[in-house]
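The values are calculated or read from the model by the stated rules, or taken from the named source; none is laboratory data. Everything numeric here is computed off the predicted structure, so don't read it as measured data. Backbone-built Cβ (ideal geometry, glycine too); neighbour counts: all protein chains shown. Protein only, heavy atoms only, side chains kept; ligands, DNA and RNA dropped before computing areas. Shrake-Rupley method; radii C 1.70, N 1.55, O 1.52, S 1.80 Å.
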Amino acid sequence: MSLRNRIVLFFLGLLIVSTVATIGTVLLATNNSVKAQAQEKLNVGKNVFEQLLYERGNQLLSSAKVLVADFGFKDAISSNDKATIKSALINNRVRINADLMFIITLDNQVISSNADFQGGIEVFKEPLLSAQKNDGITGTILIDDNIFKFVMLPVKAPVTLAWAIIATKVDKEFALQLKGLTNLDVVFNATDNLGRQLIVSTIENIRINKQAQTVEKMLSNHDEQYLTLPVTLADSASFKINAYLNTSLKASYLLFYPLKIQIILIACITLLLSIISAFFIARRITTPIIKLAKITQEISSGNYLEKIESDHSSYELSKLSEHFSIMQKEISLREEKLTFLAYNDNLTGIANRSFIIKQISDSIQDQPNKDLAIVRLSIDNLKETNDTFGYDIGDGLLISFSKVLISYAHQSNYLARISESEFIIVFNHINENTITDEITNLQTILQHPLLFNDLRLKTRIIMGASFYPKQGNEAEQLLRRSEIALNQAKALNSEYSTYQEGQDEHNLRQIELINSLSIALETDLLNIHYQAKVDTIKNEITQAEALLRWTDSKYGFVSPEEFITLAEQTGLMPTLTQWVLNKVFCQAKIWEQQGLNLTIAINLSAYDLVDEFPEIISKLLTKHNLSASMIMLEITESAFINNPDEAIKVLHKLKNIGFSLSIDDYGTGYSSLSQLKKMPVDELKIDKSFVLKLEHEKYDQAIVQSTIELAHNIGLSVVAEGVETLESFSMLKKWNCNKIQGYYISRPISAEDFEIWIKDYKIPEVLL
């Protein structure tokens, strides 16, 4: 063999070995690169997937907050107005395109919902415990063979009355939406504790390999491969929900198939090419892939500024570079959108509460000596607009209103929407002495009707203002005090009010008293005192009025007028009344067993006169084995203001049970004689304002005497309260007032002291 042949054979053999090695290396690098890119794609897709689910949860959370913050909705729940609750759920469901909306009690019982459940509500026992600890949660749950994304928030007033749950179904349509946004196939897999499995997938004919945590396509030739990334969405005692993000490896491998053929053909045709040429070709192939891998790492770390240059060495690499560039831009745009939503109102596009707080804080920090005026504006008739025209018109009104505010606000001022119907304008270099012109101009602009869909909508705007630095040096504090000023304007039926010193402390006192009252009810820290009533015919004590007393650990003695009003405003009144009824019924039973023959009078609130109350009090009578004849129920005239027909209907039910009924504080309320004759009452109780100075005031004498005669003529007995002197006692006895109550007889005292006092009490002989 010639040397040339030997050299040829040597280099041929060397080139073959080198070519084979090169081809093997390229194939290995390609496979590793495909898997690395697929894994990176999954990692990026996972971030996008989790962000989309988080955004979906936030949308539900925002909608739920709007629902549970609505005063009318809270009032409907506190009064168990099921029709209003049902209507609110239906309206909000349509508005936010939710699948499930329902309200549950604190013990996981459904109050109202837009759908029937087949035992599915039991799955909320565990989330409810978590929600009670965290004041609300979002999550994923399995209900009746369906997967749902849900949010659970408390309905407070201010204590938790119930829990609102809003949920949207995780179905194939939702999975396809996620696939369109992540460019990954998505599989949701839910299994319950019975081993049943539910799969929602963008891939047909799949099975879940639980041990390997992968998704496999069920094909006869098994030529489809997926790289899978599992994501746990929920893991509870009764069910487990996982999501599997999948990218097809087959498609990635096919992209490189023509390139592999080219390399093999080139190697066969160019066996005489040098090793340097082969190495150069391999380097040209791997360099773009390495660059794309580095850029993928930058994307995963949040850097989207790295420019992806298109590689034109092959069609596949060019397309791959192009798609990476598109993916980079799309992810960047989505992050910008999420950032925008974090600081801007989704409906109007203006800043939200988070942003305005940041702006105020930054302004105070940057220019601590600059005056700021924080003006809170409320569209007082937004609810009426929504109820009359629908939420679409209401949303249009808000958008038009925000545009007016944008055109008004100067570049140096800040504007934000902070709740459904409230906006904030922060005026720079304005204080309480220079705000008048701005308020006047703003009122002039906002008094013009807003045009939307050929409708001219008139808005009633109420404003409240607080000022930096005089009235606070923190953003949250200034916003809270502007809200106090706004509430003051509403209470006074005024268009504008400013925060006054001391209002914050008064609000704080009320909030603390409400919380303390709830604790006092739970820990039995309230007291019942009893005040005697003298029967002027029998000349003995025949009745006693039960009076609620509370001494707070911080504020000391709290007037019943104050804490009962707070209880009525916050939905605590039914609980408070039931506590009083239990205590008084227990005491009545004790006195009955002791042979103390007394009728005990109990005061009722207007909030007690509801359909359910007669049944509740009847059950309590049965529980304590007590006769209704031993109890008198006193109802103030104000209880008949809002719905006299309903109140009278409840009184008839109470009368049928056997209770004696009395109209308390008669003469100070709003009842008319036409209403009085409809009431099934036994007694009128003349208010103490007419009795305290009875011996000195002729007008009071005329009113009291005529009231006694009127009551007797229509068959009612009369009680006079507030008797503090012998003279007024004598006058009332002379006028045949049936019963007398007041400090002259006895102050309200505890049950133990009352038992001692009544044994020794005797009516003065001068009155006998």
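Relative to one another, the C-alpha centroids of the range 344-412 and the range 598-663 are positioned 47 Å apart. Once the chain from Asn32 to Gln593 is taken as fully extended at 0.36 nm per residue, the excess over their C-alpha distance is 192.9 nm. Taking label positions 7 Å along the Cα-Cβ direction at both Tyr743 and Gln262, the computed distance is 10.5 nm, reported to one decimal.
For Lys693, a cut-off of 27 angstrom between C-alpha atoms picks up these lysines, skipping any fewer than 8 places away in its own chain: Lys533, Lys538, Lys685, Lys733, Lys734, Lys739, Lys762.
Within straight-line reach of Lys149, meaning a Cα separation under 19 Å, sit the following lysines at least 8 residues removed in sequence or on another chain: Lys46, Lys65, Lys125, Lys169, Lys172, Lys179, Lys240.
For the peptides 47-53, 542-548, the ranking by packing is 542-548, 47-53, with the highest mean count of neighbouring Cβ atoms within 10 Å listed first. Scoring 727-736, 463-472 by mean Cβ neighbours within 10 Å over their residues and listing the highest first yields 463-472, 727-736. Note: the range 31-166, Cα convex hull, 124 Å³ per residue.
Figure legend: label point modelled 7 angstrom from the Cα of Lys125 along Cα→Cβ; residues of the range 177-206 with amide N under 18 Å from it are 192-195.
Straight-line cross-link reach from Lys678 at under 19 Å between alpha-carbon atoms covers these lysines, not counting any fewer than eight positions away in the same chain: Lys649, Lys653, Lys655. Taking a ≥ b ≥ c as the square roots of the eigenvalues of the Cα gyration tensor, the range 443-486 is classed as prolate, since a/c reaches at least 1.5 and a/b is larger than b/c. With the simple spin-label model, which puts each label point 7 Å out from Cα in the Cβ direction, the Glu568 to Thr25 separation comes to 9.0 nm. Rounded to the nearest 0.05, the FRET efficiency derived from the C-beta distance between Thr232 and Glu476 at R0 = 35 Å is 0.45.
Note on the range 513-642: with neighbouring protein chains present and a 1.4 Å probe, carbon and sulfur make up 50 percent of its accessible heavy-atom surface. Split the accessible area of the range 339-449 by element, probe 1.4 Å, and carbon with sulfur accounts for 47%. Once you reduce the range 537-591 and the range 713-765 to the center of their Cα atoms, the two points are 20 Å from each other.
Peptides 246-257, 435-446 ordered by packing proxy, namely the average of other Cβ atoms within 10 Å per residue, highest first: 246-257, 435-446. Over all orientations, the range 138-186 has a Cα convex hull whose mean projected area works out to 4.4 square nanometres. Quick one: if the Förster radius is 60 Å, what FRET efficiency do Ser706 and Gln443 give, using the C-beta to C-beta distance and rounding to 0.05? Plugging the Cβ-Cβ distance into 1/(1 + (r/R0)^6) gives 0.75. Projected label points at Val404 and Asp75, each 7 Å from Cα along the beta carbon direction, are separated by 2.5 nanometres.
In the range 678-694, whose amide N lies under 19 Å from the spot 7 Å out along Cα-to-Cβ of Glu646? List them in ranges. Inside the label zone: 679-680. Multiplying the residue separation of Asn108 and Lys240 by 0.36 nm and subtracting their alpha-carbon distance yields 45.4 nm.
Within a Cβ distance under 14 Å of Lys759, other residues only, what is the Lys/Arg minus Asp/Glu net charge? Taking every other residue near Lys759 into account, the sum is -4. A Förster radius of 35 Å combined with the Cβ-Cβ distance from Ser559 to Glu50 puts the calculated FRET efficiency at roughly 0.05.
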